[in-house]
Amino acid sequence: MSSFNIRNIREISNDPLTKFTNQLAKKLSKFLNDQQLDKLENKEDIYSDGQDIDSILRFNNFLSTNYFNGDTQYLAPLEPDLDKLRLWIRGVNLGNTMRDYSEYDRTINLIGDPLLIDGTPFDSGLHTGDTKSIALKFNRNSTATDYIRVPNNTLIRASEGLATGISFFIRFRVSSLAQQGGANITLFEKTDNNPITDAIKVELDTAGRIKFMIENSNVQYTQETASGTVVVNTVYDVWFTYTISGNVQHIYVNNVDKTLSGTSALALHSDLDDFDYYIFRRGGGNSTGYVYGDLYDFRIYREKIVSAAEVGYMYTNKWTIVNIPFGAVMIANYFATSSTSGSGYTTTGFTTIGYDT
């Protein structure tokens, strides 16, 4: 068997003295190494003291193109506004952390080993060719290790201290509605205090019902949609709104204000001192309810009750609750320059009438 030495990549000079010096240095290095090994009580120590490290390099190649024809008038969205939008997560990256697109720059921890995938058939309106969107696939093959955790912060409390109300948005696709670990799959969950008097939890049951519970000032309000609202392998835009006045709840699914019915309260996680946001699984103390599916977008608008009209605007343009057409939302750091030129010179020549534009 031949061996490979990375030092041989560098070509050695043909000078005889240089060659001799190089060989002598190799022999001396081997001699010194052998002396050090002989001093060990057990030659296996040099191996057993080492630590094995498994590492992986994943390469994702998503080609997206866009044709700027100069005819589209791009308009600025509301988000981020550094006011109502308190958290904005997009399923567009791997690694240990994710960017907070609300510009509050809070820490977002990506746990496990999710996978970036082509988000087809969802089209964000950002690209005219090739890959139209991407998403993060969690818990593929039902591994139940992938989720998102956002450390607690007063600006993203579930309901504690609310004066007007709160809205949540999530764009997702599930590959299974089966229970995980004996619990319904959980889209997101958070508690604000111990003992619990304020909390939020949204889960899907095996019949495809969306269950939305918000606890405010130690009173739980829980509503659910009809069975079959969610089916597997379908992308959904879902809004949840809660209004303090009258304790009114709404669930909008793909721009439809769903008829809701009251249901029993949902069980919250058992670690009463864990106030972090958990997305795609139950909260601290309960490693259950993991979601086998894809995340595109998750947002929290605190002290903002998104209206039915605003829900429709976002369903149309995919980016903002402002009334902007599809494909016309201005995206920062994503643009192309354009210019308009005349038809040049006419055959009249280089006179003052020689230019037609």
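The values are calculated or read from the model by the stated rules, or taken from the named source; none is laboratory data. Fair warning: this is a prediction, and the values are worked out from it, not measured in the lab. All Cβ positions, glycine included, derive from the backbone under ideal geometry; neighbour counts span all protein chains shown.
Descriptive notes on the structure:
Conditions (1) closer than 22 Å to THR197 by Cβ; (2) in a loop (DSSP other than H, G, I, E, B); (3) in contact (Cβ under 8 Å) with a residue 24 or more places away in the chain, marked per residue:
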{"residue": "PHE275", "(1), (2), (3)": "yes, yes, yes"}
{"residue": "TYR290", "(1), (2), (3)": "no, yes, yes"}
{"residue": "ASP294", "(1), (2), (3)": "no, no, yes"}
{"residue": "ASP297", "(1), (2), (3)": "no, no, yes"}
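- Meets criteria (in contact with a Pro (Cβ under 6 Å, 6 or more places away or on another chain), of a type in the set (Asp, Glu) and within 18 Å of ILE300 (Cα to Cα)) for ASP276: yes
- Counted residues, the stretch 122-143 - those being modelled with pLDDT under 95 and not in a strand (DSSP E or B): 13
- Test: residue in the stretch 242-262 that is at pLDDT 95 or above, part of a loop (DSSP other than H, G, I, E, B) and closer than 21 Å to ASN153 by Cβ: yes
- Residue ID - nearest to ILE134 (Cα to Cα), chosen from residues in the stretch 229-241 that are of a type in the set (Ser, Thr, Tyr) and assigned to a strand (DSSP E or B): TYR236
- Within the option set PHE68, PHE62, being modelled with pLDDT under 75, outside any helix (DSSP H, G or I), surrounded by 10 or more Cβ atoms within 10 Å (Cβ to Cβ) and in contact with a strand residue (DSSP E or B) (Cβ under 9 Å, 6 or more places away or on another chain) holds for one residue only, PHE62.
- Total residues in the stretch 251-263, condition touching a residue at least 24 places away in the same chain (Cβ under 8 Å) and within 27 Å of the chain's Cα centre (by Cα): 7
- Among all residues of the stretch 295-317, there is none that is among the hydrophobic types (A, V, I, L, M, F, W, C) and more than 22 Å from ARG86 (Cβ to Cβ).
- Only a single item in (1) among the aliphatic types (A, V, I, L, M); (2) touching a strand residue (DSSP E or B) at 6+ places or on another chain (Cβ under 9 Å); (3) under 17 Å from ILE305 (Cα atoms) is not met by VAL256, and it is number (2).
- Looking across the stretch 144-160, just one residue is of a type in the set (Gly, Ala, Ser) and modelled with pLDDT under 95, and that is ALA144.
- Selection within the stretch 199-219 - outside any strand (DSSP E or B), touching a Leu at 6+ places or on another chain (Cβ under 8 Å) and either of a type in the set (Ser, Thr, Tyr) or within 13 Å of LEU268 (Cβ to Cβ) (or both): THR206
- Residues (of a type in the set (A, V, I, L, M, F, W, C) and either at positive phi or assigned to a strand (DSSP E or B) (or both)) located in the stretch 164-179: ILE166, PHE168, PHE169, ILE170, PHE172, VAL174
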